[in-house]
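The values are calculated or read from the model by the stated rules, or taken from the named source; none is laboratory data. The structure displayed is predicted, hence computed values, not measured ones. Heads up, the Cβs are rebuilt from the backbone with ideal geometry, glycines too, and the neighbour counts pull from every protein chain shown.
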Amino acid sequence: MLKPKSSNIPKPTRYQNAAIDYYMGLTNSSYLHYGYWKPISTHGEELTLTRLRVAQSAYAAKLLSFIPEGTKTVLDVGCGIGGNAVYLCVRGLGVEGLAPDALQQERFIKNTNSQVPFYLTRFEDFPTSRSYHLVLFRDFQEINY
């Protein structure tokens, strides 16, 4: 019997990647976030995958509404799998993504059709001499707009 190959991927990363795979398989979405639910669902109201996808698109639209007019270039820190990057690119912004996760890199490149640069690194280790109009970093705590 063959012995399974040892993985050099740290256990937390393997768990995170398994969760991402599960989430993406379940939602069939190019977003990793849970969306912007406005109005908030009421008790007993059915939460469906269709409504999740609508909320995810609403989040991208809300995010765009905060970007100052005249912004041309965006560094999307913690870009996930590219849903927001595609949304912003389609609306005329030059976007580049940055994340330290190879699985996210693979999905980002696929979701953006290799049209958006991706940097496989942590932000604090990002070596660049380029400047951006906006560095986009989102914290997914509950936010009331």
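Taking the condition of being among the hydroxyl-bearing types (Ser, Thr, Tyr) and under 25 Å from Thr128 (Cα atoms), how many residues in region 60-76 meet it?
2
Which count do you get for residues in region 31-51 that are surrounded by fewer than 17 Cβ atoms within 10 Å (Cβ to Cβ), aliphatic (A, V, I, L, M) and under 27 Å from Gln105 (Cα atoms)?
1
Can we say Asn28 is under 15 Å from the mean Cα position of the chain (by Cα), in contact (Cβ under 8 Å) with a residue 40 or more places away in the chain and either exposed (fewer than 11 other Cβ atoms within 10 Å of the Cβ) or over 24 Å from His133 (Cβ atoms) (or both)?
It is false that Asn28 is under 15 Å from the mean Cα position of the chain (by Cα), in contact (Cβ under 8 Å) with a residue 40 or more places away in the chain and either exposed (fewer than 11 other Cβ atoms within 10 Å of the Cβ) or over 24 Å from His133 (Cβ atoms) (or both).
Yes or no, residue by residue, for (1) in a loop (DSSP other than H, G, I, E, B); (2) at pLDDT 70 or above; (3) farther than 21 Å from Thr112 by Cα:
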residue	(1), (2), (3)
Met1	yes, no, yes
Asn8	yes, no, yes
Arg14	no, yes, yes
Ala18	no, yes, yes
Met24	no, yes, no
Tyr36	yes, yes, yes
Pro39	yes, yes, yes
Thr42	yes, yes, yes
Ala55	no, yes, no
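I'd like the full set of residues that are of a type in the set (Val, Ile, Thr), surrounded by fewer than 22 Cβ atoms within 10 Å (Cβ to Cβ) and either closer than 13 Å to Ile109 by Cα or in contact with a helix residue (DSSP H, G or I) (Cβ under 9 Å, 6 or more places away or on another chain) (or both), limited to region 68-90.
Hits for region 68-90 are Val77, Val86.
Which one is farthest from the chain's Cα centre (by Cα), of the residues in region 63-121 that are in contact (Cβ under 8 Å) with a residue 60 or more places away in the chain and over 23 Å from Thr27 (Cα atoms)?
Just the residues of region 63-121 that are in contact (Cβ under 8 Å) with a residue 60 or more places away in the chain, to begin with: 63, 67-68, 70-78, 81, 101, 103-104, 107, 111.
Subsequent filtering for residues that are over 23 Å from Thr27 (Cα atoms) retains 67-68, 70-75.
Details: Ile67: 17, Pro68: 20, Gly70: 23, Thr71: 20, Lys72: 19, Thr73: 17, Val74: 14, Leu75: 12 Å.
So the residue we want is Gly70.
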